[in-house]
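Notes follow the structure.
The values are calculated or read from the model by the stated rules, or taken from the named source; none is laboratory data. The structure presented is a predicted model; accordingly, all values stated were derived computationally and were not measured. Counting neighbours? That spans all protein chains shown, and the Cβs are built from the backbone with ideal geometry, glycine included.
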Amino acid sequence: MNVALPTLSLNDRVAEQIRERIVRGEFQPGSRLSEVALSESLEISRNTLREVFRLLTKEGLLRHLPNRGVFVAIPSMASIMDIYRVRRMIECQALQQAIPQHPARKEMREAVAAQKQLRAAGRWVEVGTGNMRFHKGVVALADSERLNTLFSHLLVELRLAFGMLGDAEFMHAPYIDLNAQILERFEAGDMEQAAKLMHDYLTHSERVLLSVYARRMSDAGMVL
């Protein structure tokens, strides 16, 4: 018997489009979103867009400033630390308990291959997008739609943090080969080593991101 998949509402579809544009680096943290321009590009009414803005504001992705408009949120240091805490819990366990034949390995392979091609072309913002695709593949190993949804939201917030740094090559270049190493260990059936590599990877990534983020925020005269 075929089970009908739930149909997303218009608001949910538009919200997901905006999240995806944040992930791709099209909307930078702190930037103002034009209600007129965005409603036209998405081909929706301004009333619908305002409802979507309210939804994304509750998620912490947007911020409404009275008499000024709606802005892309700037994540805090505490939120970045929390994101990495959750990532280590989810991704390392997903690798430990997965099997090498899991269908998600195709997504992981394609993400690594795409990253290497983008690196050769010097397209570093897109390398970052490919990196997120790899990690979504890792989480998919857990076979949990709830975790997939949660992780997708976490990655949007994380992309906002990366967007504050302004140096995509510095932030993403070291991790392309690490992704490849994790994939290699996973496909070889060495789940413990794959999980260890992921834990070390995430710990290093968090330290680098927090260090650079703190310096950039201080230089900009912003309160952490």
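Report every pair of residues separated by at least 6 positions or lying on different chains whose Cβ atoms are under 7 Å apart, first residue within region 24-37 and over 22 Å from Met132 (Cα atoms), second surrounded by fewer than 14 Cβ atoms within 10 Å (Cβ to Cβ) and of a type outside the set (Gly, Ala, Ser).
Sorted first by the residue in region 24-37, then by its partner, the pairs are Glu35/Arg46.
Helices (runs of 4 or more DSSP H) wholly in region 1-101 with at least 2 residues that are of a type in the set (Val, Ile, Thr) and more than 27 Å from Gly166 (Cα to Cα) - which ones?
Helices (runs of 4 or more DSSP H) meeting the threshold: 46-58.
Here are the criteria: (1) more than 16 Å from Glu157 (Cα to Cα); (2) in contact with a strand residue (DSSP E or B) (Cβ under 9 Å, 6 or more places away or on another chain); (3) of a type in the set (Lys, Arg). Tell me which single one Arg63 does not satisfy.
Result: Arg63 fails condition (1) only.
Quick one: how many residues across region 192-205 are modelled with pLDDT under 95 and either touching a strand residue (DSSP E or B) at 6+ places or on another chain (Cβ under 9 Å) or hydroxyl-bearing (Ser, Thr, Tyr) (or both)?
Summing the residues that are modelled with pLDDT under 95 and either touching a strand residue (DSSP E or B) at 6+ places or on another chain (Cβ under 9 Å) or hydroxyl-bearing (Ser, Thr, Tyr) (or both) in region 192-205 gives 1.
Say whether the condition of being outside the structural domain of Arg215 (by TED's automatic domain parsing) and either in contact (Cβ under 8 Å) with a residue 12 or more places away in the chain or among the β-branched types (Val, Ile, Thr) (or both) is met by at least one residue in region 90-98.
So far as region 90-98 goes, no, none of its residues is outside the structural domain of Arg215 (by TED's automatic domain parsing) and either in contact (Cβ under 8 Å) with a residue 12 or more places away in the chain or among the β-branched types (Val, Ile, Thr) (or both).
Within region 107-147, restricting attention to residues that are closer than 16 Å to Glu20 by Cα and among the aliphatic types (A, V, I, L, M), which residue is nearest to the chain's Cα centre (by Cα)?
Met132
Of the conditions (1) without any contact (Cβ under 8 Å) to a residue 60 or more places away in the chain; (2) part of a helix (DSSP H, G or I), Ala142 clears all except one; give me its number.
Failing condition for Ala142: (2).
Are any residues in region 145-181 of a type in the set (Phe, Trp, Tyr) and closer than 13 Å to Thr129 by Cα, and if so, which ones?
Phe162, Tyr175
If you take the residues in region 46-74 that are polar (S, T, N, Q) and loosely packed, with under 14 Cβ neighbours inside 10 Å, which one is nearest to Arg21 (Cα to Cα)?
Once the filter is applied, the top-ranked residue is Asn47.
Within region 180-191, identify whether any single residue is surrounded by fewer than 13 Cβ atoms within 10 Å (Cβ to Cβ), assigned to a helix (DSSP H, G or I) and at pLDDT 90 or above, and answer yes or no.
No.
Which condition number in (1) modelled with pLDDT under 90; (2) at positive phi is the one that Gly69 fails?
Here Gly69 meets the rest and fails (1).
Could you check region 113-128 and list, in sequence order, the residues that are on the phi < 0 side of the Ramachandran plot and surrounded by fewer than 22 Cβ atoms within 10 Å (Cβ to Cβ)?
Ala113, Ala114, Lys116, Gln117, Leu118, Arg119, Ala120, Ala121, Arg123, Trp124, Val125, Glu126
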